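J.: So that we are looking at the same thing, I have put the structure below in C-alpha cells.
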Amino acid sequence: MPAKHLGLVVIGFIMLYPVLWMIVSSLRPGDEIFRNPGLILDSLQTENYTEGWNALNPSFGTYLLNSTILVLGCIIGNLVSCSMAAYAFARLNFSGKRWWFGIMLGTIMLPVHVIIVPQYVLFSQAGWVNTFLPLIVPKILATDAFFVFLMVQFIRGLPRELDEAARIDGCGHPRIFAQIVLPLMKPALATTTIFTFIWTWNDFFTQLIYLTDPEMYTVPVALRSFVDSTVATSWGSQFAMSVVSLVPIFLAFLIGQRYLVKGIATTGGK
Amino acid sequence: MLKGVRRRTALTVLVSLTASMLAACGSGSEAGGDLTAEPVTLRFTWWGADDRHKRTQQVIDMFQKKHPNITIKGEFKEWNGYWDSLATTMAANDAPDIMQMDELYIASYSERGALLDLNEAKKHLDTANFDQKALATGAVDGKQYGLPVGLGMYSIMVNTDLLAKYDIPVPDDTKWSWDDLKKIGDQVSKAGGGQVFGVQSPGINDTAGLSIRARQQGKSLFDQQGKVVLPPEIATQYWQYILDLSKTGVAAPPSVTIEKASAGLNQSATATNTAAFGFWWNTQLTALTAASGAKLKLLRLPGESQGKPGAYYKPSMFWSVSSRSKHPAEAAAFVSFLANDEEAAKILLTERGVPANLKIRDAIAGQLKETDKAAKEYLDTVPVSDPPRITPKGASTLDAILKRKTEDVLFGRTTPDAAAASFIKEVQSEVDAAK
Amino acid sequence: MSALDELRQLRHGGVQVRKRDNKAAFWFLAPWFAGLIFITVGPVLASFLLGFTKYNLIQPPKFIGFDNFARIFSDERLHNALGVTFTYVLVSVPLQLACALGVALLLDRGLRGLAFYRSAFYLPSLLGSSVAIAVLWTQVFGAEGLINRVLSFVGIEGRGWISDPDTALSTLIVLNVWTFGSPMIIFLAGLRQIPAVYYEAAAIDGASKWSQFWRITLPLLSPILFFNLVLQIIHAFQSFTQAFVVSGGTGGPSDSTMFYTLYLYQQGFSRFDMGYASALAWFLLLIIAAFTAINFWAAKYWVFYDD
C-alpha cells in the first residue's frame, strides 16, 4: 500500500507541476516571473491578487458573479432536458429512434466556428445579444448532445428488471423516470453537473461573442483581457486571477465527486 | 405535423438569416449633420490589456461629462478575440459604432464597405494637427477610413547593460550595415557562452523588417494597386541573413529563437535579457524596459545610411467608424475627442503609441517617462521616407505567412530561395482570392 | 457458470415484445426537439448553404457552386492539417483513455485519501483550456523548462520542444493526455454502477483480480468505455483550443500543430473566407461521421448492454 501511495504522489507531483508553478508565480512580483522561474519563493507577495482583482472595470467580483449565474442556469438546463431526452432514447421504443439518435450525435460533429456566425445572426435578430439567453436557452433545450449520450449510456447500463417490475405494478413512464431511473443514475447526474460547471466556467469563445458589455463579461473573457499579444501582459495579475477562478471549480469538483461515489454499488450490494 | 412545422421554421430561419446577411447599410442620421440633443448610445470597442482598458474607460467618462446625452459603451477584448467578435458582429449587421482598427485589416474591412469615410464627417472631426503623411496611412483611394492614433517606427533595441558587461561598445547606428550587426552580434554570442546571444532574429512577428530591406533598395512589398512587387532576390537575401544568424550562432538555436519570439513580449529574448539586439517597434521600449529590468537603447536599423532610408511611420492603430452606424456624426465627434482633447491625451499618454497628432504629442511631452521620451525622440529625429501602401485587402494573413516561411527556413525545411518564391506566390494569391 | 453468464441469461430470458410508446417519447424529447428546430437546424442549414458560396462576412454571400469543395482536394496546407489531425487523434485518444482508465481503477475503492487524489488528478483538466496554459506549457517543454532541466542533469542537450516542428505535436498530445480528468470521472462513475454483488460472487467462485477485471469490470464498463471512445474521438478531431493557445493561434511552427479546426477557423476569421470554412466543416463532419459509424458497428462485438 505505501508503494501505491508513493507512486500516486510522484505521478501527482509531475502532473501538478504546472499548476504549482502558476500558484507560486502568482505570489511573485510581476516582473520576476520570467526572469527567475522555479518553484522556490524568496518572498510572499499578495499584490498580484489585489491588483488583478481591480485591474479591469468592473472588478473581478462581477465576472465571478456572472459566471456563477451562467453556470447555474446551464446546470439546471442540462440536468432536466438531457436526462429526459436520454430516458426516451434509452428506454422508450418509438418510430425512427435510430434515425433521431443519429441526428442527435450528428449535432456535435460540426465545428462551432461555422455555426457561431449564423447562430449569432439568429440570436441577434431575437434581440438576445448581451444577455445570458444565447448561452443558457440552448442548454434548456438539450442541445448539449454530449450529456444526452452520456446519460443514455448510463441508463442502458441499469438493470432492466427494476423498471420492468415497476411497469408490471402499473407505473407510467413519468413515474419510472422520476422514481426509479433518476435516483439510480446519480453518478451520471453528478458527472453532468461537474462537467457543465467546469466547461461553462472555462468556455471562452461563445461567451466572448455573445457578451459585449463588460458588465456582463464572465471569468474566461475577463482572464483573456489581461493577455494581449501586442502589449505587455501583467502575467502576475493574470495568474493570480486564474488561481482565484480555479477555486470555485475546484470546490465544485470536491463536493460533486462525493456523489459519484454513491452509485448503485452501495445500494445494490454490501 | 411535426415535419411540417420543422420545415416551415427552418425556412423562416433561413430567410431571416439571408435577409440580415444581405442587409445593406443601415440608414441613420447623416454623418455631416448636426449633433443631436436626443439621448444616443454608441458602442466603442478596442483590443489591448488591462492598462489600456483602465485608461480608455477614464477618457470615456470624461467625454460623457461633456456630452451628457451621449452614452459610450466600451467593449474591451484581447487581440484574437477582438477580430473574431468584430467579424461576427459585422455578419449580423450589429458592429460597434467606433472601433480600433489595425493596419493589416483596414483594407479588408474598408474595401468591403464596412467603414465610414471620415471625410463625410469632417464637420465633427478635427484633423488639422495631423501630419499629411500620417493621415495618408489611413486612407484608401482618397477616402479616410481610419484616423491614425499613434505612430511607431521599426527599430533595433540594444541591451546596453549586456554590452557593458561584455565590454563591447555600442555601435554607431548612423553608419552601420547589416554586416556590422552580424559582427557585433557574433562578439556578444561568443562572450555570452551559450546563455546570451547577439541577435533575436527578425522575420517572426513582423513583415516590417522585410519591407524596410526592400525599401532600402528602392523597392517595396506592394505597388499602389496592391500587387506584390517584391523582387525575389531581396526576399532571398532577407531569409539568407536570418539563416546565417542562426547557423553562425549569432542568434539562438531555431527552436529557442521561435519560442522566445512567439511567446509574447514578456518572454521574449529582449525581456529575459538573453539577446543583446532585438527588432521591435520603438513604442515598445517602455514595456520592454520594465520587463527586462535592464537599460535598453533604441537604434536605427542597419543599412539606413548605405541605400535609401527604409524607415517609415507606421500607425500603431486607427480609429474607425462603422459605415452602418446609426449615429455617424456623434461617433466622429467622439473620435475627434479621442484624437484632439489634451485632457484625454494626458490620461492615454503613449499607451497606444506616440500620438500622431503633433499638437498632442507636444502637450504630453512633459508627462512622459524617460523611456517614452526616448521613443518620442526617436520618432522626431530619425529620417523617414513615404509610408508604404496599406496592406491590401486579402493580405491580412501577411505576418502569419512570413512567420511560417521563416520557420521553414530556420528548420531547414526549405531554402531561402524557395521560401522567397513561395512567399511571393502565396501573398499574391491571397490578394487575388479577395478580389 | 460464472456470475456474469448467469446474469446475462437471467436478463435476456425475460425480454418480451413491447409496444411502441411514441406519445411518451414525444413528451420526453420535447425540449430536445424544440432545441433542434429553433436553435440547431437553422444555423446548420445556413452553414451548409454557405459552403456553396463565397462569403467574407461583410458582404452578402455569392453562389459559386462546388468550388469550395473542389478546393479541398487541391489545398496542400489542408492535407498537412489532415495528417496532423489524424496523428493526433490516433495517438492521443488511446493514450488518454488508457491513463484515465488506469487511474480510475487505482482510485476506485479501498484507498485512503481517495477524494484528495481524485481532485489532484483532476486539477490539470480544470486548466486545460485556460489561456495561462500557453505559459505553463513553456515552463515544462520550453527551452528553459522542466524537461530540459531534468535532461541537462543526465547531460543531454534539450531544445524548445514546443517550437520545434518535429516535437511540437507531441507536446500537444502530452497536453491532451495530461488532461485525462474528464474521461477518468466518467470511468469512475461507471465503475460505481457495477453492483458489488458480482465481485462478491466472483470471489466466491475463486476468480482472481485479473480475471475479475476481464470478466466483470470490462464487460460491464464497456458502454462507458464505448462512450468515452466515441466522444473522445469526436472531440480530438475538433481539437482547437489547446493548439490555438499554445501556438498563439498560428498552428506553428511550420504548420506542425495546424489542426483541422484551427485551419478552418483561420480560413473563416483571418482570411474572411467563411464559405470555404463552411465547406471544410461539412467535410470534417463526413470524416467524423465515418469514424463514429465504424465505432458503432464495431460496438456490436464488444459492448455489453443490458437491453
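Just so you know, all these numbers are worked out from the coordinates, no wet-lab data involved. Keep in mind that this is a model prediction, so the values were computed, not measured. Quick reminder, even Gly has a Cβ in these numbers, built from the backbone with ideal geometry, and neighbours come from all protein chains shown.
J.: Pull up all non-local amide H partners of residue B:197: gap of 5 or more, or a different chain, and H-to-H distance under 5 Å with H placed in the peptide plane.
T.: Sorted by chain and number, the residues that satisfy this are B:275, B:276.
J.: Please list, in chain and number order, the residues 5+ apart from residue B:41 or on another chain whose amide H is under 5 Å from its amide H, with Hs placed from the backbone.
T.: So residue B:41 has HN proximity to B:71.
J.: With 20 Å bins from zero, work out the P(r) of chain C over every alpha carbon pair and list the percent per bin.
T.: Per 20 Å bin, starting at 0, the Cα pair percentages come out as 24, 50, 24, 2.
J.: Report, for the protein assembly as shown, the % of DSSP beta bridges that are antiparallel, rounded to 5. All intermediate terms of the calculation are to be shown ahead of the outcome.
T.: Values: 27 of 40 bridges.
Looking only at bridges with both residues in the protein assembly as shown, the antiparallel portion is about 70 percent.
J.: Which values of log₁₀ I(q)/I(0), to two decimal places, follow from the Debye formula for the stretch C:102-174 at q = 0.17, 0.20, 0.25, 0.26 Å⁻¹ with a uniform point scatterer at every Cα?
T.: Log-scaled intensity ratios, in q order: -0.79, -0.89, -1.04, -1.08.
J.: Helix B:79-91 sits at what angle to the longest principal axis of chain B, using alpha carbons and giving 0 to 90 degrees rounded to 10?
T.: Approximately 30 degrees, to the nearest 10.
J.: Give me the log10 of I(q) over I(0) for the protein assembly as shown at q = 0.06 Å⁻¹, as the Debye formula computes it from C-alpha points; what are the numbers?
T.: Each listed q maps to, in turn, -0.47.
J.: Turning to a different aspect of this structure: Averaged over peptide B:409-416, how many Cβ atoms belonging to another chain are found within 10 Å of each residue's Cβ?
T.: For this peptide, the per-residue mean of nearby foreign Cβ atoms is 2.
J.: How do B:34, C:108, B:84, A:144 line up, fewest other C-beta atoms within 10 Å first?
T.: Neighbour counts put them in this order, fewest first: B:34, C:108, B:84, A:144.
J.: Counting every Cα pair in the stretch A:1-45, what percent are over 13 Å apart?
T.: Here the long-distance tail beyond 13 Å is 59 percent of all Cα pairs in the stretch A:1-45.
J.: How far, in degrees from 0 to 90, does helix A:235-261 lean away from the longest principal axis of the Cα atoms of chain A, to the nearest 10?
T.: Compared with the principal axis, the helix lies near 30 degrees.
J.: Quick one: check the C-alpha center-to-center distance for the stretch A:17-46 versus the stretch B:370-435, whole angstrom.
T.: 36
J.: Where the centroid of each part is defined by its Cα atoms, how far is the stretch C:225-258 from the stretch B:141-174 in Å?
T.: 38
J.: Another question about this same structure. I need two numbers for the stretch B:293-435: Rg to one decimal and Dmax as a whole number, Cα atoms only, in Å.
T.: Values for the stretch B:293-435 (Cα only, Rg and Dmax): 20.0, 55 Å.
J.: Rounded to whole Å and sorted largest first, what semi-axes of the equivalent ellipsoid does the C-alpha gyration tensor of the stretch C:168-307 yield via the square root of 5 times each eigenvalue?
T.: One finds semi-axes of 40, 18, 10 Å for the stretch C:168-307.
J.: Dividing the alpha-carbon radius of gyration of the stretch A:101-182 by 2.2 N^0.38 Å (N being the number of residues), what value is obtained?
T.: 1.54
J.: Let me ask something additional. For the stretch B:271-349, what is the per residue volume of the convex hull drawn over the alpha-carbon atoms, in cubic angstrom?
T.: Working: hull volume 13.4 nm³, N = 79.
Measuring per residue, one finds 170 Å³ for the Cα hull of the stretch B:271-349.
J.: What does the charge count around residue A:169 come to, taking other residues whose C-beta lies under 14 Å from its C-beta (Lys +1, Arg +1, Asp -1, Glu -1)?
T.: Spelling it out: positives minus negatives among the neighbours equals -1.
J.: Let me ask something else about it. Which Cα, out of B:89, B:44, C:196, lies furthest along the positive dipole direction of the protein assembly as shown (beta carbon charges, K/R +1, D/E -1)?
T.: Selected residue: C:196.
J.: Which three extents, in angstrom, do the Cα atoms of the stretch B:75-199 have along their principal axes, listed largest first?
T.: Largest first, the stretch B:75-199 extends 58, 33, 22 Å along its Cα principal axes.
J.: Measuring from the lowest to the highest alpha carbon on each principal axis, how far does chain B reach, largest first, in angstroms?
T.: 74, 59, 40
J.: Based only on other Cβ atoms within 10 Å, what is the fewest-to-most ordering of C:76, B:75, A:161, B:407?
T.: C:76, A:161, B:75, B:407
J.: Mean 1/r over all different Cα pairs, inverted: what Kirkwood radius does the stretch B:116-271 give, in Å? Don't skip to the end; give the middle numbers.
T.: Numbers: mean 1/r = 0.0543 Å⁻¹.
One over the average 1/r among Cα pairs gives 18.4 Å for the stretch B:116-271.
J.: Test of understanding: ordering C:241, A:233 by Cβ neighbours within 10 Å, fewest first, what list do you get?
T.: Fewest-to-most ranking of C:241, A:233: C:241, A:233.
J.: How far is helix B:416-433 tilted off the main Cα axis of chain B, in degrees rounded to 10, range 0 to 90?
T.: 10
J.: Continuing with this model, one more query. Tally Lys and Arg at +1 and Asp and Glu at -1 over the other residues with C-beta under 11 Å from the C-beta of residue B:120: what net charge comes out?
T.: So the environment of residue B:120 carries a net charge of +1.
J.: Given the Cα atoms of the stretch C:22-146, and with Rh set as the inverse mean 1/r over their pairs in the Kirkwood sense, what is Rg to Rh to two decimals?
T.: In the stretch C:22-146, Rg relative to Rh is 1.13.
J.: Hey, another quick one. Considering every Cα-Cα pair within the stretch C:38-83, what fraction, in whole percent, is farther apart than 17 Å?
T.: Above the 17 Å cut-off, the stretch C:38-83 has 49 percent of its Cα pairs.
J.: Would you give the gap between the C-alpha center of the stretch A:172-247 and the C-alpha center of the stretch B:244-275, rounded to a whole Å?
T.: Between the Cα centres of the stretch A:172-247 and the stretch B:244-275 lies a distance of 36 Å.
J.: Here's something else I'd like to know. Step through the residues of the stretch B:150-166 one at a time and calculate ³J(HN,Hα) from phi using the Karplus curve (6.51 cos²θ - 1.76 cosθ + 1.60, θ = phi - 60°), rounding each to whole Hz and writing x for Gly and Pro.
T.: Going residue by residue, I get x, 10, x, 9, 5, 8, 10, 10, 10, 8, 6, 4, 5, 4, 4, 4, 8 Hz, with x marking Gly and Pro.
J.: Right, next: Please turn the phi angles of the stretch C:121-132 into ³J(HN,Hα) values with the Karplus equation 6.51 cos²θ - 1.76 cosθ + 1.60 (θ = phi - 60°), one per residue in order, whole Hz, x for glycine and proline.
T.: Computed from phi, the couplings for the stretch C:121-132 are 6, 7, 3, x, 5, 5, 9, x, 10, 6, 5, 5 Hz.
J.: Hey, another quick one. Pull up the cross-link candidates among the lysines for residue B:435, meaning alpha carbon to alpha carbon under 18 Å and not fewer than 8 places away within one chain.
T.: Here the lysines satisfying the reach criterion relative to residue B:435 are B:227, B:393, B:425, C:54, C:62.
J.: Another question about this same structure. Just check the stretch C:161-242 against the gyration tensor rule for me: Cα atoms, a ≥ b ≥ c as the square roots of the eigenvalues, rounded for a/c under 1.5, and otherwise prolate or oblate depending on whether a/b exceeds b/c.
T.: Since a/c reaches 1.5 and a/b is larger than b/c, the shape of the stretch C:161-242 is classed as prolate.
J.: Related question: As a test of the definition: which semi-axes, in Å, follow for the stretch C:54-208 when you take the square root of five times each eigenvalue of its alpha carbon gyration tensor? Largest first, please.
T.: 40, 27, 16
J.: At 10 °C and 1.306 mPa s, what whole-number value in µm²/s does Stokes-Einstein give for the translational diffusion of chain A, with Rh from the Kirkwood sum over Cα pairs?
T.: Roughly 73 µm²/s, to the nearest whole number.
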